[in-house]
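Colleague: Quick one: this structure, given as C-alpha cells, is what I'll be asking you about.
None of the figures in this text is laboratory data; all of them are computed from the coordinates on show. All of these numbers come straight from a predicted model, not from anything done at the bench. Heads up, the Cβs are rebuilt from the backbone with ideal geometry, glycines too, and the neighbour counts pull from every protein chain shown.
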Amino acid sequence: MKNNIAILNIRELITLKGPKRARIKEEMKELGIVHNGALVIENGKIIFSGKMEELNIDISKSKFEIIDLKNEEYVVMPGFVDSHTHPVFAETREEEYEMRIRGISYEEIAKRGGGILNSAKKLRESSKDKLKSIFLKNCEIFIKYGTTTIEAKSGYGLTLKDEIKMLEVIDEGKKETPLDVFPTFLGAHAIPEKYKENPEKYVDLIVNEMIPEVVRRKLALFCDVFCEKGFFDIELTERILKRATQYGLKIKIHADELYSIGASSLAAKYKALSADHLEKIRKIDMENMAKSGTIATLLPGTAYNLGLTHYPPAREIIENGVPVALATDFNPGSCFTPNMQLILSIACTQMKMTPAETIVAATINGAYALDIGDKVGSLESGKDADLIILNCKNYKMIPYMFGINHVKTVIKKGKIILDS
Ligand code: NIG
Ligand code: FE
C-alpha cells in the first residue's frame with residue numbers, strides 16, 4: 001500500500017501536460033484539463049493520469065489506497081512550486097511593516113540599518129537550532145497552503161561563517177521535512193556595513209572564499225545576486241556570475257526591482273535559469289531573456305506588501321515570448337506570505353494574468369525555474385506524485401475566492417502529508 005494511491009472520479013484534473021520545457025505565450029493558457037479524471041500513483045510516481053473511462057490499471061483495493069472524489073466539487077492539480085523564498089531568518093520585522101505604512105520607504109529603512117542588514121545581525125546572534133526550528137515551522141506552513149517544493153536562499157549571513165551556517169541549516173532542515181528544498185547561495189544580498197565604502201572587497205570575499213567553500217561543501221545548486229542600485233551594480237554582479245558559472249552553480253538574479261539597470265539582460269547573457277522581480281524591466285531585456293530562455297519569475301506579493309502600485313508588466317513579458325513563473329518571495333522584510341494561492345490572486349488582479357496563466361506559472365514554469373521541470377510541476381506518467389486536492393469546483397475559484405486556504409489534501413511523492 002506504501003505510496004500507492006488511486007484518485008478516482010475527479011471532477012477537474014489539471015494535468016498540465018505539454019511540451020517538456022517552460023511554457024510560453026499561448027501555451028501558458030493550456031492546463032490539460034481532464035473532466036471525470038483518474039490519477040494513479042505507484043511507489044510515489046504517477047503511473048496514470050487521464051480520463052476515468054481510459055483507466056486500464058487494476059486498482060484492486062489491496063494494492064492501492066482509493067480516494068474516490070465522486071465528481072464532487074474538488075480540483076486536483078500539481079503542488080505549487082515556489083521558486084523564490086528566503087525561509088531562514090532569526091526574527092520577523094513587523095516594526096518595519098508599520099514604518100512603511102507611516103510612509104518610510106523600504107530603501108530608507110535599509111539605509112537606517114533596518115532591512116536585510118538588520119536580519120543579518122539577528123541571524124549571526126542566533127543558534128543553528130533556533131534557525132532550524134523556525135525554518136521547519138515555515139516549511140509546515142508552505143505545505144499547509146499547498147506548496148510541495150521550494151527554493152531556499154541564504155543571504156542573511158553575509159560573512160563566510162554565517163552564510164555557511166545558513167546553508168547548513170537548510171541542508172539539515174530539508175532532511176526533516178517532506179517538502180523538497182533547493183538551496184541557493186545569496187551571499188550578494190546586501191553589502192555589509194564594513195564594506196560600505198569598498199564593496200569590491202566584499203565581492204572579493206564572495207568570489208575567492210564563499211563560492212569555492214559553498215561548492216566544495218555541496219551546500220547550494222544556484223547562485224543569486226541582488227543586482228540593484230545601492231546593492232550590487234552590474235560590474236560587481238558580473239564578477240560573481242562569472243565565478244559562480246565557473247564553479248558550476250546555475251544562476252538566478254534579483255533583477256530590475258527598483259531601478260532599470262540592465263540586470264535582466266545580464267541574467268540572459270549568463271543563461272540564468274531565472275531573473276526575478278522585474279518591476280522595471282525594459283523591452284530589450286525581455287527580448288534578451290526570450291532568446292536565452294531565462295524565466296521571468298514574478299513576485300507580485302512584494303509590491304502588494306510594500307504598498308506599491310507598480311507591478312511587473314506580466315502581459316508584455318508573456319507577449320515577448322518569455323516564460324513566466326510566479327513565486328512568493330517569502331521573507332520577513334518585503335513579503336511575508338508563504339501562500340501561493342494569494343500570489344495567484346494578486347497576479348490576476350494587478351498584473352492581468354488569467355487564472356490559467358497563473359496556474360502554469362506557479363507549477364510547471366516554477367519547476368523549470370529550478371531546473372526540475374522533468375520531475376515535478378505537471379501530473380504526467382513518470383513524474384513525482386506531488387499534488388494537491390482543493391475544495392473548489394474549478395481552478396478559477398483559486399484566485400477568485402481569495403484570502404482563504406482552498407487546500408484539502410497534500411500528497412508528496414505519493415504520500416499523504418496533509419489531510420483536512
Ligand atoms: O527579494 N530584494 C532582496 N531581497 C528580498 C528582501 C529581503 C529582506 O528585506 O529581508 C526580496 O525582496
Ligand atoms: Fe527575494
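Colleague: Determine, at each q value in 0.14, 0.18, 0.23, 0.24 (inverse angstroms), the log₁₀ of I(q)/I(0) that the Debye formula gives when each Cα of segment 249-350 is one equal point scatterer.
Modeller: Here the Debye-derived log intensity ratios amount to -0.46, -0.77, -1.20, -1.27.
Colleague: Okay, next question. Long-range amide H contacts for ILE295: which residues qualify at under 5 Å (H placed 1.01 Å from N, peptide plane, sequence gap of 5 or more or a different chain)?
Modeller: SER274, ALA275
Colleague: Next up: For the chain, what is the calculated [θ] at 222 nm in deg cm²/dmol (nearest 500), taking -39500 (n - 2.57) for each run of four or more DSSP H residues and dividing by its residue count?
Modeller: Value at 222 nm, helices only: -9500 deg cm²/dmol.
Colleague: Right, here's the next one. I need the trypsin sites (Lys or Arg not before Pro) found in segment 320-415, filtered to DSSP loop residues with at most 14 other beta carbons within 10 Å of theirs.
Modeller: Passing both the DSSP loop test and the Cβ count: LYS352, LYS393.
Colleague: Looking at this model, which pairs from LYS25/LYS408; LYS165/LYS415; LYS121/LYS269; LYS25/LYS415; LYS161/LYS413; LYS283/LYS352 are more than 24 angstrom apart at the alpha-carbon?
Modeller: LYS25/LYS408; LYS165/LYS415; LYS121/LYS269; LYS25/LYS415; LYS161/LYS413
Colleague: Relative contact order for the chain: what is it in percent, counting Cα pairs under 8 Å that are at least 6 residues apart?
Modeller: Value for the chain: 22 percent.
Colleague: Could you give each residue of segment 404-420 its phi-based ³J(HN,Hα) in whole Hz, using Karplus coefficients 6.51, -1.76, 1.60 with θ = phi - 60°, and x for Gly or Pro?
Modeller: These are the phi-based 3J(HN,Hα) values: 10, 9, 7, 6, 9, 9, 10, 10, 10, 6, x, 10, 6, 9, 7, 8, 10 Hz.
Colleague: While we're here: Enumerate the calculated ³J(HN,Hα) couplings along segment 178-190 in order (Karplus 6.51 cos²θ - 1.76 cosθ + 1.60, θ = phi - 60°), each rounded to whole Hz, writing x wherever the residue is Gly or Pro.
Modeller: Karplus-based 3J(HN,Hα) across segment 178-190 equals x, 4, 7, 10, 10, x, 10, 8, 10, x, 8, 9, 7 Hz.
Colleague: In units of 2.2 N^0.38 Å, what is the alpha-carbon radius of gyration of the chain?
Modeller: After normalising by residue count via 2.2 N^0.38 Å, the value is 0.96.
Colleague: Which of the aspartates and glutamates could a cross-linker span from LYS153 if the Cα-Cα distance has to be under 15 Å and same-chain partners fewer than 8 positions apart are dropped?
Modeller: List returned: ASP82, ASP162, GLU163, GLU168, ASP171, GLU172, ASP180, ASP224, ASP276, ASP329.
Colleague: Mind jotting down a quarter of the surface of the convex hull over the alpha carbons of segment 24-72, in square nanometres, one decimal?
Modeller: If you wrap the Cα atoms of segment 24-72 in a convex hull and average its projections, you get 4.8 nm².
Colleague: Now for a different question. Let me see the pair-distance distribution of segment 289-398: every alpha carbon pair, 5 Å bin width, integer percents in order.
Modeller: Pairs per bin, as whole percents: 2, 12, 20, 23, 21, 14, 6, 1, 0.
Colleague: Note the full-extension length gain between ILE57 and ASP129 as 0.36 nm times their separation in residues minus their Cα-Cα distance, in nm to one decimal.
Modeller: 21.3 nm
Colleague: Something else about it: What residues have an amide H closer than 5 Å to that of LEU158, excluding those fewer than 5 places away on the same chain, when H is modeled at 1.01 Å from N in the peptide plane?
Modeller: Placed amide hydrogens put GLU163 under 5 Å from LEU158.
Colleague: Of all the C-alpha pairs in segment 53-178, what % are more than 22 Å from each other?
Modeller: Cα-Cα pairs of segment 53-178 separated by over 22 Å account for 54 percent.
Colleague: Moving to a separate point now. Only bridges whose two residues both fall in the chain count here: according to DSSP, what percent of them are antiparallel, nearest 5?
Modeller: 45
Colleague: Of the trypsin sites (Lys or Arg not before Pro) in segment 203-237, which ones lie in a loop per DSSP and count no more than 10 other C-beta atoms within 10 Å?
Modeller: LYS218
Colleague: To two decimal places, what compactness ratio does segment 56-124 give when its Cα radius of gyration is scaled by 2.2 N^0.38 Å?
Modeller: In units of the 2.2 N^0.38 Å rule of thumb, it is 2.15.
Colleague: Considering only DSSP states other than H, G, I, E and B, which trypsin sites (Lys or Arg not before Pro) in segment 242-308 qualify as loop sites with at most 16 other Cβ atoms within 10 Å?
Modeller: Taking segment 242-308 and a limit of 16 other Cβ atoms within 10 Å, the loop trypsin sites (Lys or Arg not before Pro) found are LYS271, ARG282.
Colleague: In µm²/s, what is D for segment 138-248 at 20 °C and 1.002 mPa s, where D = kT/(6 pi eta Rh) by Stokes-Einstein and Rh is the Kirkwood radius from Cα pairs?
Modeller: For the chosen part, D equals 148 µm²/s.
Colleague: Please go through the residue pairs LYS196/LYS242; LYS175/LYS280; LYS45/LYS396; LYS137/LYS252 and name each one whose alpha carbons sit more than 32 Å apart in this structure.
Modeller: LYS175/LYS280
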